Each structure stands twice: as C-alpha cells, then as structure tokens.
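Working notes, beginning with the structure itself.
The values are calculated or read from the model by the stated rules, or taken from the named source; none is laboratory data. Because the structure is predicted, anything quoted here is derived from the model rather than measured. Keep in mind that these areas ignore ligands, DNA and RNA; they rest on the heavy atoms of the full protein, side chains included. Shrake-Rupley method; radii C 1.70, N 1.55, O 1.52, S 1.80 Å.
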Amino acid sequence: MKELDDDELQELLNNGLVPDNKTLSEEDKNDLHAYQNLFSALSTGPEQGLPMSFAANVRRKLQEQANRKSDLHFNLVAMVIFAGGLTLAYGLLAMMSPESGDMFLNAVISFKWVLLALVIGFVGYLFVDQRLVKRSY
C-alpha cells in the first residue's frame, strides 16, 4: 500500500474517517496518531499568555521609535541647512562684493550669541521632547 501524505492524513481526520489498523502501515499509524495529538493540542486555547493587544503595543512602540528617529533626522537636517544657508549667503555676497561679504560676516559675528542661543535652544527643545515622549503615561 502507498504511504499517506500530509494532505491525505489531514483529510482523514477532518472527515472523521479512521481506517482500520489492517490497511495502515506502522509509519502511517504513527503519523495518524501524531496528527490526532497535534489537532487536539491545537484545539485547546492557551492557558495563560500574552494579552490580546500585545502585537499592537509592540507595533506602536516600534512606530514611536521610528518617528522619533525621523524627527531627529529632520531637525538635524534643518540645522545643517540653516548653517549651509548662512555659509552660502556669505560666499555669494563675498563673490559679488567683498565689502558686502564683510558686512554680512560682521553682522553674523555681532549676533553670534543670539545665533548660538537659538541653536542651543533648538537642541535643548529636542532633548526635552525626546525625554517626554519616552515616558509612558
């Protein structure tokens, strides 16, 4: 007799047909018994396990981390664009007229503390924002 494959064993169990022991080989009997045990184990629910919202909670936490990373990347790119804009403005003004470039550079140097305070405030805001988002309420 040919050996039963997984689909045939599953069909026998689903239909409730259990052939007599004479028609099954020893290996098929073992496979059928293993399938019966497997289906009986799968029919019972877990005794105690993870909450139903576990997957949603994990997904939400991972999404929050990804959002924080993308926000941080955006803010750092914004700072680099700001610094690059100041450098580009100085370079273009210096190419057009060296006096204009010097006036722009003197204005930036005279307001260096304001610019530094803006940058430190921006970084501080990012730090506080990251700390508040990490808290779980």
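Overview of values
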read-out	value
Accessible-area value, ASP7, 1.4 Å probe, nucleic acids and ligands omitted, Å²	110 Å²
Using θ = phi - 60° and Karplus 6.51 cos²θ - 1.76 cosθ + 1.60, couplings along the range 59-66 (whole Hz; Gly, Pro as x)	4, 5, 5, 5, 5, 5, 5, 5
